[in-house]
Amino acid sequence: MARKKQRIFRFKRFAVANERSAMKVGTDGVLLGAWCSVAGRKRILDVGTGCGVIALMLAQRTESALITGIEIDSEAADEARQNFAASGWGHRLLIQNIDYKEFINDNKYDLIVSNPPFFSQGVLPKDNERMIARHSTELSFTHLISKSSELMAGTGLLAFIAPADAEREIKYLANQFGLNPTRICRVKGTPQSEPKRIMFEFSKNNHGEITENEIVIEYSPHNFTEEYIRLTKEFYLKM
């Protein structure tokens with residue numbers, strides 16, 4: 001029987017096989033990987049790394065940062081490990097096949113980043129790997145924020161992307177665990193649409209002004225805005 005051809009997503013400086021990972025390369029992950037702050041970050045943790053695309057983007061954006069990807073699914077973790085090894089930054093990329101809730105590390109992280117699961121209600125289809133990978137029974141906002149607050153360095157950041165309608169819940173949870181927003185970016189599909197996603201950065205130390213803005217993806221199908229092109233041009237081949 002012929003082996004199924006592996007799906008490859010090619011960026012300008014690396015390629016990502018994402019056939020075995022339930023979570024494929026998508027706009028949310030690329031947005032977050034391009035947007036989050038990396039200046040001065042030496043130890044980075046990518047929670048729910050999937051095929052490893054965000055970790056690889058952060059490796060490209062930094063010169064010497066050590067980046068660890070956490071992935072609960074063994075097939076996805078193995079695929080991320082292969083993607084890391086095939087890149088030019090394999091010597092500073094590590095994968096751990098473990099549930100984030102069980103992850104223990106004595107060293108603190110300068111940046112924790114995640115494209116977490118979005119679904120908090122509804123029935124989880126049996127044997128549906130993609131739904132399991134995204135479902136909040138595996139990683140809720142509460143678990144993500146509480147665990148990250150434990151693992152963040154004093155000057156560390158937590159950056160993640162979420163549905164726009166979860167903003168109030170997320171701000172409340174962050175406050176409960178001693179985290180304060182530093183940057184917020186609302187993501188709109190088109191100029192006329194309402195924000196669909198929101199990207200956050202939280203820290204333990206910020207008690208001052210919050211930088212808030214928005215980004216629009218496209219004017220019409222495949223007619224991307226200048227701001228989206230500017231943010232992602234170092235990664236997408238066609239930008």
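Sort GLU79, GLU214, GLU71 so that the residue with the fewest other Cβ atoms within 10 Å of its own Cβ comes first and the one with the most comes last.
Working: GLU79 24, GLU214 13, GLU71 29.
So the ranking, lowest neighbour count to highest, is GLU214, GLU79, GLU71.
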message: Using Cβ contacts closer than 10 Å as the measure, can you line up VAL216, VAL187, VAL113 from fewest to most?
response: VAL216, VAL187, VAL113
query: Counting other C-beta atoms within 10 Å, which of CYS185, CYS36 has the fewest, and how do the rest follow?
result: CYS185, CYS36
message: I'm spelling it out carefully: the read-out is semi-axes √(5λ) of the Cα gyration tensor in Å, the candidates are [x] 25, 22, 20; [y] 31, 19, 16; [z] 48, 19, 16, and one was derived from this structure. Which label?
response: [x]
query: Top mean-square fluctuation among ASN83, ASN107, ASN18, Gaussian network model of the chain, C-alpha springs under 10 Å?
result: ASN107
query: How much length, in nm to one decimal, is gained on full extension between MET239 and LYS171, taken as 0.36 nm per residue of separation minus their Cα-Cα distance?
result: 21.1 nm
message: What's the magnitude of the charge dipole for the chain around its Cα centre, counting Lys and Arg as +1 and Asp and Glu as -1 at the beta-carbon? Answer in Debye, nearest 20.
response: 700 debye
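To the nearest 500 deg cm²/dmol, what mean residue ellipticity at 222 nm is calculated for the chain from DSSP H runs of n ≥ 4 alone, each contributing -39,500 (n - 2.57), summed and divided by the residues? Please list the in-between numbers first.
On the way: 7 runs with 65 residues, N = 239.
Mean residue ellipticity at 222 nm (helix-derived): -8000 deg cm²/dmol.
Taking R0 as 22 Å, what FRET efficiency do you get between LYS108 and SER37 from their Cβ-Cβ distance, rounded to the nearest 0.05? Present the calculation step by step, with values, prior to reporting the outcome.
Numbers: r = 17 Å, r/R0 = 0.75.
Here the calculated transfer efficiency is 0.85.
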message: Please list, ordered by chain and number, the residues whose modelled amide H lies under 5 Å from the amide H of TYR109; skip anything fewer than 5 residues away on the same chain.
response: MET152, ALA153
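Read the figures in this text as sums done on the coordinates, not as results from a lab. This structure is a prediction, so every number in the text was calculated from the model and none was measured. Cβ sites come from the backbone with ideal geometry, for glycine too, and all protein chains shown count toward neighbours.
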